[in-house]
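This report refers to the structure that appears directly beneath it.
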Amino acid sequence: IEKVVFISSGGALYENAAKVPTKEDYVVHPTSLYGLANLSIEKYIELYSKIHGINFTVARLANVYGPGQWESGLVPSLILKMLKNEPPIIYGTGKQTRDLVYIDDVVQALMLLAEKGRNAIYNVGSSKEVTLNDAHAMLRDLVGVKIKAIYQSLRAPETKRSALSIIKIKKELGWQAVINMKEGLARTLQWYKDHGNNKQGN
């Protein structure tokens, strides 16, 4: 093995960060088991690299969305409900922010990281904060319905603000997300329209 590219989670590692958008050098302190697991793997790879000399890059992803995503994800959960003319469910106030980045942009970043970057960590996201309410409103316009969301209590504490700084990957490797949110949501919506009940893809 010449190189390891590990797909980690920026959102889970930078939970409740004091600075948003958050840079890679931020001192992480995950508060979920998922975030802790990602950090543990990052540290394991880093130590293994020092001992055995294997090159690695870590991609800390933002909130990735796109065609074929599991239906529990934010974007597909909203789309599938509205396509059935049913009110989508938003947990919390909907004012919490997320960094939504389209899958095609992420794939391009991962292909780049497979070739470039040595023993480094890079954020991969849009670097923009979007509230859940704004995402719902944009999708509602794209679907062409006037359905209001149903707000329910959070099932567990979650991050109020989240966005990843992409200054490092843009400066060092020349990558940045190019598909804006409206276009990405439109592509995703069209996929679910075309595939009907085949929600998970092939």
query = Of all accessible surface on region 133-180 at a 1.4 Å probe, what whole percent is carbon and sulfur?
reply = 51 percent
request  = For region 86-202, report the accessible area per residue in Å² (1.4 Å probe, heavy atoms, rounded to an integer).
outcome  = 57 Å²
request  = Specify the inter-centroid distance of region 148-168 and region 31-100, based on alpha-carbon positions, in whole Å.
outcome  = 11 Å
remark   = The answer for SER8, listing residues at least 5 apart or on another chain whose modeled amide H is closer than 5 Å to its amide H, is ALA59, ARG60, LEU61
5 angstrom amide H check on LEU164, placed H, neighbours 5+ away = THR22, SER126, SER127, LYS128
ask   = Rg to Rh for the chain: what is it, with Cα atoms only and Rh by Kirkwood?
value = 0.99
inquiry  = Quick check: residue separation of LEU142 and LYS84 times 0.36 nm, minus the Cα distance between them. What number comes out in nm?
reply    = 19.5 nm
query = In Å, what Rg and Dmax follow from the Cα atoms of region 10-71?
reply = 13.7, 41
message = Let me check I've understood the local charge: for LEU36, count other residues with C-beta under 13 angstrom from its C-beta, Lys and Arg +1, Asp and Glu -1. What total comes out?
response = -1
key: Set of aspartates and glutamates with alpha-carbon distance to LYS171 below 18 Å, sequence-local pairs under 8 removed   = GLU24, ASP25, ASP105, GLU115
note = HN-Hα couplings for region 167-174 via Karplus (6.51, -1.76, 1.60; θ = phi - 60°), in whole Hz with x for Gly/Pro, come out as 4, 5, 5, 5, 6, 7, 10, x
note = For LYS95, counting only aspartates and glutamates whose alpha-carbon sits under 13 Å away and dropping same-chain residues fewer than eight positions off, the answer is GLU129, ASP134, GLU158
message = Relative contact order for the chain: what percent, with Cα pairs under 8 Å and sequence separation of 6 or more?
response = 30 percent
remark   = For region 1-117, the percent of all C-alpha pairs falling in each 5 Å bin, from 0 up to the bin holding the max distance, is 2, 10, 16, 19, 20, 15, 9, 5, 3, 1, 0, 0
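The values are calculated or read from the model by the stated rules, or taken from the named source; none is laboratory data. Here the structure is a predicted model, which is why all the values come from computation and not from measurement. All Cβ positions, glycine included, derive from the backbone under ideal geometry; neighbour counts span all protein chains shown. In case anyone asks, the SASA skips ligands and DNA or RNA and just uses the protein heavy atoms, side chains included. Shrake-Rupley method; radii C 1.70, N 1.55, O 1.52, S 1.80 Å.
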